[in-house]
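The values are calculated or read from the model by the stated rules, or taken from the named source; none is laboratory data. Computed from a predicted structure; not experimentally measured. Methodologically, a virtual Cβ is constructed for each residue, glycine included, from the backbone with ideal geometry; neighbour enumeration extends over all protein chains shown.
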Amino acid sequence: MSNQEKFKSGFIAIIGRPNVGKSTLLNRFVGQKVAIMSDKAQTTRNRIQGVYTDNEAQVVFIDTPGIHKPKHALGDFMLKTAFSALSGVDVVLFVVNATEKIGPGDRLIIERIKNVEVPVILLINKIDLIEKEELLSIIASYQDEIDFEAVFPISATEGDNVPELVQHIKDIIPEGPQYYPANQVTDHPEYFIVAEFIREQILHLTREEIPHSVAVQVQSMQRNEDDKVEVQATIIVERKSQKGIIIGAQGSMIKRIGQNARREIERLLDDKVYLDLWVKVQKDWRDHQFQLNEFGYKRDDY
């Protein structure tokens, strides 16, 4: 770029109900996996920043926990985290699911974003799962509620209309500096992402048996004598029965969790990994602020 002053940058909040595809979209934006994906609600607990950079602009995307009615201290943390992302951003992306009618969760978000003073773009995701003629009525049902700066029907999994969306974001964000190096795709430390990858496999493999009463702590990451990155991590659950499910018969489940997570971690680090997993019971950890702090859900994050 000949004139560096014309470089643009902006912070973009991605908000929406659980399971509308926000994490998939974030990963699509940055071109690799930085957020975990699951068909379970409330997969994302902290705000995860993904960074897109090209010669013209740098766009910092903030993924947020799905908006839901909190049932415990962790849920309360997640809700406050999601809404706090609306302050200090340049654009808000409101993601909805094309296959579901507008519901109370959507209206809760709409009430909060009505007073936002930055452009709000409606993203109707999962258009690959509906007939094209359904789209106009879906758009109209949301436009009756609020006046959006723009509407983009997209498919985060297939990539439909995502390049056009990125171009539109670049058009409307202000001139600004490059906050992160061009090759950096997230501001989270590797410890955090490694823990999230392990948690993703637990959600995927245990299905309904282990709900969201699981946390993962990475104790250490260091190179061992075999020149592998040795990762020591603890899986925390709330009950003994959950510990048994995660370990599985003759350790079969924890072995599968470890194998799948190791593949993802090796892809992230571009290195050989030795993953050592332990399971620990901490009763009702989601309702104790000290333990929430210990596992990375700190009150000063919102």
Point to revise | Matching residues in the stretch 114-150 - criterion: being part of a helix (DSSP H, G or I), farther than 21 Å from Val162 by Cβ and touching a strand residue (DSSP E or B) at 6+ places or on another chain (Cβ under 9 Å) | key: Gln143
**Study point:** Qualifying residue in the stretch 167-175 (condition: surrounded by 15 or more Cβ atoms within 10 Å (Cβ to Cβ) and more than 18 Å from Leu26 (Cα to Cα))
**Key:** yes
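Quick check on Ile245: is it at negative phi, among the hydrophobic types (A, V, I, L, M, F, W, C) and out of contact with any Leu (no Cβ under 8 Å at 6 or more places or on another chain)? So that I can check it myself, show each step before the final result.
On the way: at negative phi: yes; among the hydrophobic types (A, V, I, L, M, F, W, C): yes; out of contact with any Leu (no Cβ under 8 Å at 6 or more places or on another chain): yes.
When the stated conditions are applied, Ile245 passes them.
If only one of Gln178, Gln222, Gln217 is farther than 25 Å from Gly21 by Cβ, outside any helix (DSSP H, G or I) and in contact with a helix residue (DSSP H, G or I) (Cβ under 7 Å, 6 or more places away or on another chain), which one is it? Steps first, please.
Details: Gln178 fails: in contact with a helix residue (DSSP H, G or I) (Cβ under 7 Å, 6 or more places away or on another chain); Gln222 fails: in contact with a helix residue (DSSP H, G or I) (Cβ under 7 Å, 6 or more places away or on another chain).
On inspection, the qualifying residue turns out to be Gln217.
Within the stretch 229-299, which helices (runs of 4 or more DSSP H) (wholly inside it) include 2 or more residues that are more than 20 Å from the chain's Cα centre (by Cα) and modelled with pLDDT of 90 or more?
Values: elements: 240-247, 252-269, 289-294.
Those helices (runs of 4 or more DSSP H) span 240-247, 252-269.
So which residues in the stretch 17-31 are among the hydrophobic types (A, V, I, L, M, F, W, C) and not in a helix (DSSP H, G or I), if there are any at all?
Val20 - this is the single residue of the stretch 17-31 that is among the hydrophobic types (A, V, I, L, M, F, W, C) and not in a helix (DSSP H, G or I).
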